[in-house]
Amino acid sequence: MSAIEISFDLHGESIPADYPHKLWEALLRIAPALAESEAVGVIPLRGPNNNGELLLPKRAKLALRLPLALLDAAHTLSEQELQIGAGTLRLGQGKTREIQPYPTLHAHLVVGPADEVEFMAMVNAALDTLEVRCKLICGRHNTLNIDEQDISGFSLVMHDLTPEDSLRVQYAGMGSGRNLGCGIFVPYKVISGLE
């Protein structure tokens with residue numbers, strides 16, 4: 001096991017919709033050691049967008065995926081307040097969980113070329129390096145605006161993964177910007193058994 005997840009209950013109503021960089025800066029103010037590794041990932045938050053604000057559901061959680069060596073640093077975030085734009089979020093106590101293998105994984109944005117053919121060539125090269133075999137579905141092109149700079153890529157689904165390959169992909173991630181929620185693979189819920 002080379003990585004672990006830690007999650008915190010989130011107490012707050014909303015954050016700016018362009019939150020990724022602001023959230024990362026707020027985390028580093030409390031736990032600067034997280035910047036020591038590019039493998040530290042912030043799993044993207046989900047919620048409806050309302051006039052530039054991301055509305056947080058009542059059971060919202062902030063989850064980080066990180067190397068085991070940085071777990072103590074991440075625990076310093078427990079019960080802390082984060083200032084994100086004009087809003088304040090309070091974190092609950094950190095709870096750790098081992099990463100579990102799932103046959104189907106999804107990343108909402110893997111940073112890479114804007115051309116889909118070039119992007120898929122990059123993905124296949126990364127999977128060859130990891131010695132992972134699976135089927136791929138390239139989703140739509142996405143852009144993330146960070147400090148007036150656009151980061152772009154595609155959403156990506158991997159399926160028919162063996163348990164070993166699933167863990168390998170989740171530990172390694174893909175592409176850059178893990179701290180902004182990019183290239184992090186999470187379980188993808190699939191509807192099966194439909195006739």
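Every read-out reported here was derived from the displayed coordinates using simple, explicitly stated rules and does not represent laboratory data. As the structure is a prediction and not an experimental result, all values here were calculated from the model. Virtual Cβ from ideal backbone geometry, glycine too; neighbours counted across all protein chains shown.
General observations
- Segment 1-10 - residue that is among the small types (G, A, S) and either in a loop (DSSP other than H, G, I, E, B) or more than 13 Å from the chain's Cα centre (by Cα) (or both) and, of those, surrounded by the fewest Cβ atoms within 10 Å (Cβ to Cβ): S2
- Any hit, segment 44-61, residues being in contact with a Gly (Cβ under 9 Å, 6 or more places away or on another chain) and without any contact (Cβ under 8 Å) to a residue 24 or more places away in the chain: yes
- All positions within segment 106-142 that are under 19 Å from the mean Cα position of the chain (by Cα) and among the small types (G, A, S): A107, G112, A126, G139
- Enumeration of residues in segment 11-38 that are surrounded by 20 or more Cβ atoms within 10 Å (Cβ to Cβ) and in a strand (DSSP E or B): S14, I15
- Tally, over segment 122-151, of residues that are surrounded by 13 or more Cβ atoms within 10 Å (Cβ to Cβ) and in a helix (DSSP H, G or I): 5
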